[in-house]
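Following: one structure in structure tokens, then a few remarks.
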Amino acid sequence: MRTLGLDTSNYTTSAAAFDGREGHNAGKLLEVKAGGLGLRQSEALFQHVKALPARLEELGPLGDVAAVAASTRPREVEGSYMPCFLAGESLGRSMASVLGVPFFAVSHQQGHLAAAAWSAGRMDLLDRPFLAWHLSGGTTELLLVEPVGANVQAKRIGGTTDISAGQLIDRTGVLLGLQFPAGKALDECSKSCTDRPDPFPVKRNDLEFSLSGMENWVKKLVENGEPPEGVAAFTLDTIARIVRLVTVEAQNRYPGLPILCSGGVASNSRLRYVLGEFCQAVFAEPKYSTDNAMGVAILAHRLMEREGNK
């Protein structure tokens, strides 16, 4: 039997089906005008409502669905809310009611962690404590994750105190004339840099750090004629360096815990190399690092099995 997962994040509409071993995700980026740095929530919600039927069609017939889940909030913390998640939650609850199957509400962050563990071949992580990075357009958090029943509970122990790594990457990309979201294009641009500028010395306090000052340095590099590939390398090397330093400190404090990396920024090649080489971090496949519904469907399957075993 399969489970259905829906995720309507700020920039991706996705639906996924999972049978306990294999799964398929159908996702589509929301449309952002050239030069734009994002969407209003009302526009994101409208685009999700329009896009969801086509994503479900990509999955094929769903007559064997035994449970439905949707991400209903960004994180599993009090006050975490974004209107765009209403699109997936509303459709998910309606489908579950029509099909006569259970509906499960999970968070977007929990879905990211589950998708990362599954695609990395490390589903065992969901049943034990581990450290995790959630690196995305809106979130740069270092988490202590522990199993809670069939789901996971994530406690923030570090990360940025201001803008996220994804925001810095996107703003740098748009400044260089790249399309938003700019992560993939900035990554490719940086690879052609042969004389990489030294990373910016990001201020760190314990397991937290600030990236807001980086924006001014990026603008200065552009104004001083630094080639786009140099600006891209400077930005990504700076992010990789500070994330590595914080990860090493966290591993010293929580010895023996593996580190899992999820979120769209975790698909960056420089970050994957640095954390993999120096911290033995586990990464999701790039296509499951970005926003997707696969983790939501996986959690639906785990939660359904738990309900069935009661």
Percent RCO, i.e. relative contact order, over segment 94-191, from Cα pairs under 8 Å lying at least 6 residues apart: 17 percent
For Ser192, tell me the accessible area in Å² from a 1.4 Å probe, rounded to the nearest 10. 70 Å²
Amide H of Gly137: which non-local residues (sequence gap of 5 or more, or other chain) have their own amide H closer than 5 Å, using H built in the peptide plane? Gly264, Val265
Quick one: helix 108-119 against the long Cα principal axis of the chain, what's the angle to the nearest 10°, folded into 0 to 90? 90 degrees
Mean separation of Cα contacts under 8 Å (6+ apart) over length of segment 160-310, as relative contact order %: 22 percent
So what is the relative contact order of the chain, in percent, for Cα pairs below 8 Å that sit 6 or more residues apart? 25 percent
Given a 1.4 Å probe and the protein chains all in place, what does the accessible area of Asp127 round to, in Å² to the nearest 10? 100 Å²
Between Ser80 and Val248, the two model label points (7 Å from Cα along the beta-carbon direction) sit apart by a distance in nm of 3.0 nm
Students sometimes get this wrong: rank Lys203, Lys155 by accessible area, probe 1.4 Å, all chains present, largest first. Lys203, Lys155
Could you please state, rounded to a whole Å, how far the C-alpha centre of segment 155-186 is from the C-alpha centre of segment 1-32? 23 Å
Which of the following values of Cα extents along the principal axes in Å was calculated from the structure shown: (i) 88, 53, 46; (ii) 62, 46, 33; (iii) 78, 58, 29? (ii)
Could you sort Val98, Val296, Val148 by their accessible area in this structure, using a 1.4 Å probe and putting the largest first? Val98, Val148, Val296
For segment 226-295, shape from the Cα gyration tensor axes a ≥ b ≥ c, cut at a/c of 1.5 then a/b versus b/c, turns out oblate
Got a sec? Which residues in segment 189-206 would a label at Ser269 touch, if it sits 7 Å along Cα→Cβ and we count backbone N under 14 Å? 189-194
How large is the accessible surface of Phe278 in square angstrom, using a 1.4 angstrom probe and rounding to the nearest 10? 120 Å²
Order by accessible surface, 1.4 Å probe, largest leading, for residues Met294, Met95 comes to Met95, Met294
Quick check on the chain: of the DSSP beta bridges with both residues there, what percent are antiparallel, nearest 5%? 60 percent
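The values are calculated or read from the model by the stated rules, or taken from the named source; none is laboratory data. Predicted model only: the values in this text are computed from it and were never measured. Cβ coordinates were reconstructed from backbone atoms using ideal geometry, including for glycine residues, and neighbour counts include every protein chain displayed. We work out accessible area using only protein heavy atoms, side chains counted, and drop any ligands, DNA or RNA first. Shrake-Rupley method; radii C 1.70, N 1.55, O 1.52, S 1.80 Å.
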